[in-house]
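The values are calculated or read from the model by the stated rules, or taken from the named source; none is laboratory data. Values in this document were obtained by computation on a predicted structure and should not be read as measured data. For neighbour counting, all protein chains shown are included, and Cβ atoms are generated from backbone atoms with ideal geometry for every residue, glycine included. Note: areas computed on protein heavy atoms with side chains; ligands, DNA, RNA excluded. Shrake-Rupley method; radii C 1.70, N 1.55, O 1.52, S 1.80 Å.
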Amino acid sequence: MDFGSHAFHGMRCKLGYGLYPRLDTSDFDVMIAETPYPATVAKNTKLVVHYHDAIPLLMPHTIADRRFHQAFHYRALRKNVESGAWFVCVSDATRRDLVSVFPQAESRSLTIHNMVSRDYFVEDSSADGLTEIIKTRINDRIRPSLDPSLKRRLFTESGAAEPLEYLLVVSTIEPRKNHLSLLTAWERLRLHRFPKLKLVIVGALGWHHTSIIHKIRPWLERAEVYLLEDVLASELRVLYRHARATVCPSFGEGFDFSGIEAMKSGGVVVASDIAVHREIYANAAEFFNPYSIDALTQAIQIVVDPAQSARREELVAMGAIVAERYVHETIVPKWQSFLQLRTSLEATPAGSERSVAWT
């Protein structure tokens with residue numbers, strides 16, 4: 001059942017004051033919302049907010065229409081806290097952020113980490129398919145037309161003329177994701193150590209992407225950077241597997257799936273040293289200060305340099321272990337236990353069926 005919350009936020013925006021609807025959820029014991037939810041539910045329904053991050057509150061400068069998102073995220077969140085909602089946070093870092101804004105939510109919040117898709121696993125895939133994936137999924141709205149001779153060299157029927165060496169980043173293209181620092185670090189690595197290293201970016205265009213694309217465009221024209229979109233999980237699994245490194249350079253996240261997906265696919269991860277990455281990736285990533293291009297360059301070099309293959313192999317092995325924390329078999333029982341506890345605390349008539357609505 002989908003009770004979209006954006007329309008409720010919009011009602012407040014147009015009217016200028018809070019006028020949120022009351023939903024008839026009397027047939028449900030629990031309603032799970034994927035965002036702070038401004039509507040009022042029935043008295044016999046327990047509202048559970050699956051809380052992803054507090055970025056609209058704590059990092060508003062990184063999002064578009066920041067006044068709207070900051071104000072209405074806060075107001076909906078405050079209403080949920082005051083109404084006695086429970087909060088299931090996707091990371092301990094997110095839970096700490098929630099409690100820092102609303103200390104009274106501490107006793108009604110817990111962490112259940114996100115669950116990685118079963119589409120990601122180690123397979124014995126060939127790197128020969130990389131060129132076809134890039135050719136098929138390249139963003140033609142951004143990429144200028146390639147010179148015919150360059151296109152023949154890159155996109156032959158048999159694949160690339162030589163093994164494709166590349167860094168991979170998988171995220172929406174927006175300032176918070178720190179693409180420009182990665183671009184600069186990659187340029188340094190190409191100039192001084194790895195002239196054939198390419199950069200593959202997978203993600204949709206997000207908020208304030210224009211300046212990022214402006215910096216990337218010269219490299220797109222030379223086919224040294226590839227911007228891909230609508231990549232299937234089966235294709236992304238191959239990209240993770242064969243990348244010299246999957247880089248997660250963000251300034252702030254609630255969880256960050258890409259690193260775990262890369263680990264599940266047998267790849268190696270380089271990640272910004274932020275609290276959530278330390279929590280989720282544990283000791284299975286090479287960390288760097290996201291505000292230091294020197295640190296980012298060095299971290300990438302450690303896992304890309306053939307002379308340090310032992311470190312790369314160590315990270316891949318640890319990644320396989322850490323990623324198991326987020327598989328279906330680990331996470332689903334935690335949700336089941338939580339929901340059973342919540343519904344058992346509610347007064348439910350004997351013989352009636354309990355049900356859950358998930359927005």
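Miscellaneous remarks
- Probe 1.4 Å, accessible area per residue of segment 257-327, Å²: 37 Å²
- Highest to lowest packing among 32-41, 129-138, scored as the average C-beta count within 10 Å: 32-41, 129-138
- Net charge of the neighbourhood of Val276, taken over other residues with C-beta under 13 Å away and scored Lys/Arg +1, Asp/Glu -1, is -3.
- Radius 9 Å from Cβ of Ala245, net charge of other residues (Lys, Arg +1; Asp, Glu -1): +1
- Sorted largest first, the spans of the alpha carbon positions of segment 46-138 along the three principal axes are 56, 29, 21 Å.
- Label-reachable residues, segment 167-196, where backbone N falls under 16 Å from a point 7 Å from Asp305's Cα toward its Cβ: 186, 188-195
- Computed about its Cα centre, the charge dipole of segment 204-258 is approximately 220 debye, with only Lys, Arg, Asp and Glu carrying charge at their Cβ.
- Sorting the segments 73-80, 256-263, 90-97, 208-215 by their mean number of nearby beta carbons within 10 angstrom, highest to lowest, gives 256-263, 90-97, 73-80, 208-215.
- Each label point was placed 7 Å from the Cα along the Cα-to-Cβ direction; for Phe251 and His208 their separation is 0.6 nm.
- Estimated vicinal HN-Hα couplings, Hz - segment 266-277 in sequence order (Karplus 6.51, -1.76, 1.60; Gly, Pro = x): x, x, 10, 10, 10, 9, 5, 7, 10, 4, 5, 5
- Among the protein heavy atoms, those of Ser181 account for about 20 Å² of accessible surface (1.4 Å probe, every chain in place).
- Within the accessible area of segment 242-322, the carbon and sulfur atoms contribute 52%, probe 1.4 Å, all protein chains present.
- Taking label points 7 Å from Cα along the Cα-to-Cβ direction, Ser126 and Arg141 give a separation of 3.4 nm.
- Peptides 266-276, 290-300 ordered by average Cβ neighbours within 10 Å, highest first: 266-276, 290-300
- Difference of contour (0.36 nm per residue) and Cα-Cα distance, Lys43 to Leu110: 21.9 nm
- A simple count of charges around His52, restricted to other residues whose Cβ falls under 12 Å of its Cβ and scoring Lys, Arg +1 and Asp, Glu -1, yields -4.
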